[in-house]
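Only one structure is covered here, and it is reproduced in the block below.
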Amino acid sequence: MPRLSGWSRPRRAVVPRRRIKADLVVLDHGDPEQLLLSFPALSDATVVYECAVLVTSLPP
């Protein structure tokens with residue numbers, strides 16, 4: 001199993017993903033004085049996923 005530098009032992013990583021079908025909001029932090037919200041227009045052909053990374057030290 002792979003081990004990242006600085007880790008004392010190998011870890012298992014799981015990356016689940018879930019398709020997002022609802023409307024999205026994009027936050028732009030470019031201007032510290034004003035938060036900008038955008039609502040992107042997604043077509044039915046656009047596929048957007050939400051991902052998470054879970055890391056465990058449990059044995060395989």
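None of the figures in this text is laboratory data; all of them are computed from the coordinates on show. Just so you know, these numbers come straight off a predicted model, no measurement behind them. Here Cβ is always computed from backbone atoms with ideal geometry, including for glycine, and neighbour counts include all displayed protein chains.
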query: Relative contact order for the chain using alpha-carbon pairs under 8 Å, separation at least 6, rounded to a whole percent?
result: 43 percent
statement: Rounded to one decimal in nm, the spacing of the 7 Å Cα→Cβ label points at LEU27 and ARG9 is 3.6 nm
task: Putting +1 on Lys and Arg Cβ atoms and -1 on Asp and Glu Cβ atoms, find which of VAL26, ALA41, VAL15 reaches farthest to the positive end of the dipole of the chain.
output: VAL15
task: Mind putting a number on the dipole of the chain about its Cα centre? Charges go on the C-beta only, +1 for Lys and Arg and -1 for Asp and Glu, and I need it in Debye to the nearest 20.
output: 780 debye
- line: Over all pairs of different Cα atoms in the chain, the reciprocal of the mean inverse distance gives a Kirkwood radius in Å of 15.3 Å
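How would you order 29-41, 10-22 from highest to lowest mean count of nearby Cβ atoms within 10 Å?
On the way: 29-41: 8.2, 10-22: 10.2.
Highest-to-lowest ranking by the protection proxy: 10-22, 29-41.
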